[in-house]
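The structure under discussion appears below in the form of structure tokens.
Just so it is clear, none of the values below were taken in a lab; they were calculated from the coordinates. Computed from a prediction, not measured in an experiment: that's the story for all the values here. With ideal geometry, Cβ positions are generated from the backbone for all residues, glycine too; neighbour counts draw on all protein chains shown.
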Amino acid sequence: MFDPIPWLILLPLVWGCLTFLIGVGRGGRLVVAGLIIQLVLTIILARQIVMEGARHYAVGGWGAPLGVDLYVDGLTGIMLLLTHVVALPLVAYARAFFSSQAEGASYFWPLTCFLLAAMNALFMSADIFNIYVTLELLGLAAVGLVAAAGSAGPVTAAIRYLLVTLLGSGAYLMGVALLYGTYGSVSLAVLEPLLASTEISAAACLAAMLMLAGLLLKTALFPFHFWLPPAHGGAPAPVSALLSALVIKASFYLILRLWFDLFAPLVTTQAAQLLGGLGAAAILWGSILAFNQTRLKMLVAYSTVAQIGYLFLLFPLMTSAIPGAAESAMQGAVMQLVAHALAKAAMFTAAGVMVLSAGKDDIALLGGMSSHLPLTLFTFALAGITLMGLPPSGGFIAKWLLIDSAVSGGQWGWVVVMILGGLLSAAYVFKVLRQAFLPPVAGIKFKPVIRMLEWPAFLLALISLLLGFRSVEVLNLLGAG
Amino acid sequence: MSGVLIYACAGAVLFVFGVTGLILLPHLLRKILAFNIMGSGVFLVLVGLGQRDGTPDPIPQAMVLTGIVVAVAATALALALVRRLLHLTSKIQFPEEPESSGRCWKNN
């Protein structure tokens with residue numbers, strides 16, 4: 001049987017090296033072709049997971065204690081599929097984007113390929129040290145992408161992002177060191193039963209706190225969100241989309257894995273409530289700040305801070321004792337993750353087109369955009385529908401499942417937060433739409449943009465909207481292993 | 001105090017020094033140095049706690065080697081970015097919060 005697992009890590013590395021060798025700013029076509037191959041591979045892998053369930057893969061035939069083990073299950077399948085479904089339109093968009101604006105194009109292609117390789121490896125890692133290495137690879141590639149634009153603002157944002165990501169993975173590695181010192185293993189499969197069967201040690205608790213704190217910092221949960229808006233808002237649009245849609249989801253995925261598998265015996269209801277509270281604060285504070293922005297890309301970046309908050313409502317909802325409530329919370333959070341990735345990629349790419357056309361990143365200059373770029377504005381609105389959680393979008397299903405879980409579990413407070421968050425996101429989306437329908441500001445002249453910029457963004461928004469109809473397949477895959 | 005614990009405690013102290021420096025020091029070069037001190041602390045804990053009955057365990061040593069490679073790469077990237085910032089703004093510090101959340105309140 002053909003096994004796509006190693007190829008999903010090797011192929012992007014090959015594309016990365018090739019585009020590096022071809023020369024600066026070239027190789028976009030190669031990456032698009034390569035990503036199509038990878039998308040086919042992930043679909044094959046997802047089918048295998050649905051048919052045969054979760055499985056291990058020993059790299060090079062060397063098993064767990066000596067070699068590196070990879071592990072795929074339903075959640076891994078969803079993350080891999082999501083990564084490629086988002087990345088493929090994004091690279092098509094990036095080709096068009098960098099042909100209109102050369103700034104930031106220099107090492108975009110190799111860095112993007114390394115980023116994807118690191119992300120694929122991260123999703124499939126089965127030991128905590130390997131996860132550390134992939135986290136660092138992911139962080140370094142992402143920082144390189146942010147810095148690529150080269151002017152003072154993005155470089156400052158990149159340095160801040162780099163220091164934050166190094167601090168986060170340093171704390172994580174300290175946790176790994178403590179766990180190895182206590183239990184003598186880094187394999188998740190070995191550690192899990194050990195932690196569950198032995199008495200909870202102080203070292204294990206400290207390790208859990210350090211690892212989770214490091215990952216929370218990287219996921220930019222309130223109050224650790226300070227680094228995210230300048231880094232995501234200042235980068236070129238394709239980079240912002242990649243970072244906001246996918247990179248922060250990678251560290252959230254690890255939090256999910258560690259919280260519910262490895263550290264399940266250690267976590268308490270209070271800790272879960274704390275995470276939920278931070279998530280609620282992120283929803284409200286992030287939305288208010290998004291509404292107060294004057295720059296379009298900063299608005300979208302703050303909206304990411306808010307939308308991350310929904311993911312963290314999962315933790316208090318999962319503590320509910322009512323059967324079914326925990327399950328629908330999990331499904332809701334995964335749907336939110338998928339829907340937000342698609343919608344945010346669409347929103348950042350649409351914002352990028354508008355900024356490119358207006359020549360300046362300022363919401364006040366958007367007047368007249370409705371007649372100049374109707375498709376792009378429509379894309380922005382469709383993505384906004386998912387963020388607000390209106391039917392039939394994927395965001396609606398996600399918020400429905402989360403609210404359903406909160407109601408049946410009797411945790412009414414979170415329902416209020418989610419509804420308020422939906423209203424606030426409507427406020428900031430309509431702030432942009434309203435401005436776009438006003439007459440043009442005197443003296444502003446929109447540049448024409450090529451069609452290939454508008455269609456990939458629209459495709460992403462459309463997928464996020466139609467996800468609501470195909471959510472059963474996604475949830476099937478989640479339940480498959 | 002056994003040898004194992006001496007290494008682990010020294011590592012923990014270095015880690016705390018490094019984290020404190022990374023957060024509190026304003027000078028970027030010092031931040032990078034603090035990151036390296038933090039990394040050394042982690043490596044010391046990894047190797048120190050990893051020994052079994054006085055005999056060294058090869059697995060954490062291999063992990064530390066990998067960690068050192070990662071730390072060197074990260075330091076190189078950080079230095080390159082800081083040099084670029086120095087070139088652009090002639091300062092080795094973060095500029096005064098141009099995008100902070102405080103300003104957008106005043107703008108509105």
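Please list, or write none, the lysines whose alpha carbon is within less than 23 Å of the alpha carbon of A:K297, excluding same-chain residues fewer than 8 places away.
A:K218, A:K249, A:K344, A:K360, A:K431, A:K445, A:K447, B:K106
What angle do you read, to the nearest 10 degrees and between 0 and 90, between the alpha-carbon axis of helix A:28-52 and the longest principal axis of chain A?
Between helix and principal axis, roughly 40 degrees.
Would you work out the relative contact order for segment A:64-128, in percent, from Cα pairs under 8 angstrom that are 6 or more residues apart?
In percent, rounded to a whole number, it is 72.
Relative contact order for chain A: what percent, with Cα pairs under 8 Å and sequence separation of 6 or more? Walk me through the intermediate numbers first.
On the way: 851 pairs, mean separation 77.0, N = 481.
Taking the mean separation of contacting Cα pairs over the length of chain A, I get 16 percent.
Which log10 I(q)/I(0) values, to two decimals, does the protein assembly as shown give at q = 0.05, 0.08, 0.09 Å⁻¹ under the Debye formula with one point per Cα?
Treating every Cα as an identical point scatterer, log10 I(q)/I(0) equals -0.20, -0.52, -0.66.
So, in nm, how far is label B:V69 from label A:A264 when the simple model puts each one 7 Å beyond its Cα toward the Cβ?
Each label point lies 7 Å from its Cα, and together they span 3.4 nm.
With labels modelled as points extended 7 Å from the Cα through the Cβ direction, what inter-label distance (nm, one decimal) is found for A:L21 paired with A:A58?
3.2
Compute the distance in nm between two label points, each set 7 Å from the Cα along the Cα-to-Cβ direction, one at A:D362 and one at A:V441.
Result: 0.3 nm between the two label points.
Over chain B, what is the relative contact order in percent, taking alpha-carbon pairs closer than 8 angstrom and at least six residues apart? All intermediate terms of the calculation are to be shown ahead of the outcome.
Working: 99 pairs, mean separation 28.6, N = 108.
About 26 percent, as a whole number.
Nearest 500 deg cm²/dmol is fine: what mean residue ellipticity at 222 nm does chain A get from its DSSP H runs of n ≥ 4 alone, each adding -39,500 (n - 2.57), divided by its residue count?
On the way: 21 runs with 354 residues, N = 481.
Computed ellipticity for chain A at 222 nm equals -24500 deg cm²/dmol.
Which order results if A:K297, A:K445, A:K344 are arranged by neighbouring Cβ count within 10 Å, fewest first? Don't skip to the answer; put the middle values down first.
Details: A:K297 24, A:K445 8, A:K344 30.
Ascending Cβ contact count within 10 Å gives the list A:K445, A:K297, A:K344.
What is the list of residues in segment A:440-481 whose amide nitrogen lies under 13 Å from a point 7 angstrom out from the Cα of A:V50, following Cα to Cβ?
Those under the cut-off are A:470-481.
Assuming R0 = 30 Å, can you tell me the calculated FRET efficiency for the pair A:L284 and A:E103, based on Cβ-Cβ distance, to the nearest 0.05?
Values: r = 35 Å, r/R0 = 1.17.
According to the calculation, E is roughly 0.30.
Against the longest principal axis of chain B, how steep is helix B:58-89, in degrees 0 to 90 to the nearest 10, with axes from Cα atoms?
That works out to roughly 20 degrees.
In chain A, with Lys and Arg counted as +1 and Asp and Glu as -1 at Cβ, which of these residues, A:Q270, A:V68, A:V164, has the Cα nearest the positive end of the dipole, that is, farthest along it?
A:V164
Search the structure for amide H atoms under 5 Å from the amide H of A:D127, placed 1.01 Å from N in the peptide plane, and list their residues when 5 or more places away or on another chain.
A:L188
Need the full-extension length gain, A:V14 to A:C205, defined as separation in residues times 0.36 nm minus the C-alpha distance. One decimal, nm. Display every interim value, and only then the final one.
Working: separation 191, 0.36 × 191 = 68.76 nm, distance 4.01 nm.
Value of the extension gain: 64.8 nm.
What's the magnitude of the charge dipole for the protein assembly as shown around its Cα centre, counting Lys and Arg as +1 and Asp and Glu as -1 at the beta-carbon? Answer in Debye, nearest 20.
On the way: 28 positive and 21 negative charges, 391 e Å.
Computed charge dipole of the protein assembly as shown: roughly 1880 debye.
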